[in-house]
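Peer 1: Sharing a structure, written as C-alpha cells. Questions coming.
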Amino acid sequence: MGLSISVLIKYSLQREKNRVNIKHLIIRKSHVEDIPQIQYLIKCLASYEKRPQDMTGTEKQLRYWLFERKVATVLIAEYEKEVVGYALYYPIFGSFSAIGKIHLEDIFIQPNFRGYGIGRLFLAKIAEIVLADGYTEMEWSCLDWNKSSIEFYERLGAKQETGRKYFKFTQSELKSIATQMEGYK
C-alpha cells in the first residue's frame with residue numbers, strides 16, 4: 001500500500017527543516033475551473049475559524065461574484081501540484097490618502113503545510129502582485145484568539161490598526177434601512 005501524496009509531501013517538507021523548495025511552490029491566479037477547490041478551501045477556513053455554519057456560499061455564487069462580476073481576486077498556492085492554500089483579496093480606496101489599497105479577506109494554508117515557510121512565501125507573492133497592480137497598501141483582519149497568526153504577522157512587520165470598530169449590515173438590515181428612505185422620495 002502506497003503513501004498518500006500529503007504524507008509524502010509532509011515528509012519531504014520535514015526533511016527540508018521547515019523550509020520549502022521554492023521551485024516546487026506555485027502561486028497563481030485562480031481560474032473558473034478552480035471553483036470547487038476554492039469552495040473547499042473556504043469551508044476549511046470557516047471550520048478553522050470555528051464558524052462552519054457561516055459558510056453558505058455555493059459554487060454558483062462563487063462563479064458569479066469572482067469570475068463574472070470580478071469583485072475579488074483569488075490566488076491559489078500549490079506545492080508539488082497539490083493545492084495547499086488560497087488567498088482572496090479585493091481593492092479598496094483610502095479617501096483621506098486618495099490611494100488604492102487591497103483588503104486581504106482570506107489567507108489560508110492547509111494545517112499540515114504550516115510551519116514550513118509557505119505562508120511567508122505566499123504573503124510575499126501577494127505583496128508582489130498587489131504592488132505590480134499599482135496598489136500601495138494591504139490590510140486585513142485576524143481573529144483575536146488566533147495568537148499564532150497574530151505573532152506570524154507581527155514577525156513579518158505588520159502593524160495592528162487601533163482606534164476603529166467595524167460594523168456591518170446584513171441583507172435584511174440593508175433592506176430595512178433602504179425602506180426608511182421611501183418616505184423621503
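Peer 1: Please report the carbon-and-sulfur percent of the accessible area for the chain; probe 1.4 Å, protein heavy atoms only, DNA, RNA and ligands left out.
Peer 2: 54
Peer 1: Something else now. Sequence neighbours fewer than 8 away in the same chain don't count; with that in mind, list the aspartates and glutamates whose C-alpha is under 17 Å from residue 81.
Peer 2: Partners within reach: 33, 34.
Peer 1: Express the accessible area of the chain per residue in Å², computed with a 1.4 Å probe while the remaining protein chains stay in the model.
Peer 2: Here the per-residue accessible area is 70 Å².
Peer 1: Now for a separate question. Can you give the angle from 0 to 90° between the axis of helix 35-48 and the longest principal axis of the chain, with both taken from C-alpha atoms, to the nearest 10?
Peer 2: It is inclined by approximately 90 degrees.
Peer 1: Also: Running a GNM on the chain with Cα contacts under 10 Å, which residue among 146, 112, 21 ends up with the highest mean-square fluctuation?
Peer 2: 146
Peer 1: Which entries in 29/125; 101/159; 43/125; 50/147 show an alpha-carbon gap greater than 18 Å?
Peer 2: 43/125, as the Cα separations exceed 18 Å there.
Peer 1: Ignoring ligands and nucleic acids, what accessible area does residue 147 show with a 1.4 Å probe (Å², nearest 10)?
Peer 2: 120
Peer 1: For the chain, set up a Gaussian network in which alpha carbons nearer than 10 Å are linked by springs, and say which option among 34, 106, 54 fluctuates the most.
Peer 2: Greatest mean-square fluctuation among the candidates belongs to 54.
Peer 1: Something else now. How far apart, in nanometres, would the label points at residue 132 and residue 147 be if each is projected 7 angstrom from Cα along the Cα-to-Cβ direction?
Peer 2: That separation, rounded to one decimal, is 3.8 nm.
Peer 1: In nm, to one decimal, how far is the residue 28 label point from the residue 158 one, both placed 7 Å along Cα→Cβ?
Peer 2: Between residue 28 and residue 158, the simple spin-label model gives 2.6 nm.
Peer 1: Once every DSSP H run of n ≥ 4 in the chain is given -39500 (n - 2.57) and the sum is divided by its residues, what mean residue ellipticity at 222 nm do you get, rounded to the nearest 500 deg cm²/dmol?
Peer 2: -10000 deg cm²/dmol
Peer 1: Oh, and also: Select from 95, 172, 47 the residue whose mean-square fluctuation is largest in a Gaussian network model of the chain (Cα-Cα springs shorter than 10 Å).
Peer 2: It is 172.
Peer 1: Now for a separate question. For the charge dipole of region 121-185, defined by +1 on Lys and Arg C-beta atoms and -1 on Asp and Glu C-beta atoms about the Cα centroid, which residue among 134, 180, 162 has the Cα displaced farthest towards the positive pole?
Peer 2: 180
Peer 1: Not counting ligands, DNA or RNA, and with a 1.4 Å probe, what is residue 169's accessible surface area in Å² rounded to the nearest 10?
Peer 2: Accessible area of residue 169: about 120 Å².
The values are calculated or read from the model by the stated rules, or taken from the named source; none is laboratory data. It should be emphasised that the depicted structure is a prediction, and the values quoted were computed from it without experimental measurement. Note: ideal-geometry Cβ built from the backbone for every residue, glycine included; neighbour counts use all protein chains shown. These area figures cover heavy atoms from the full protein model, side chains too; ligands, DNA and RNA do not enter into them. Shrake-Rupley method; radii C 1.70, N 1.55, O 1.52, S 1.80 Å.
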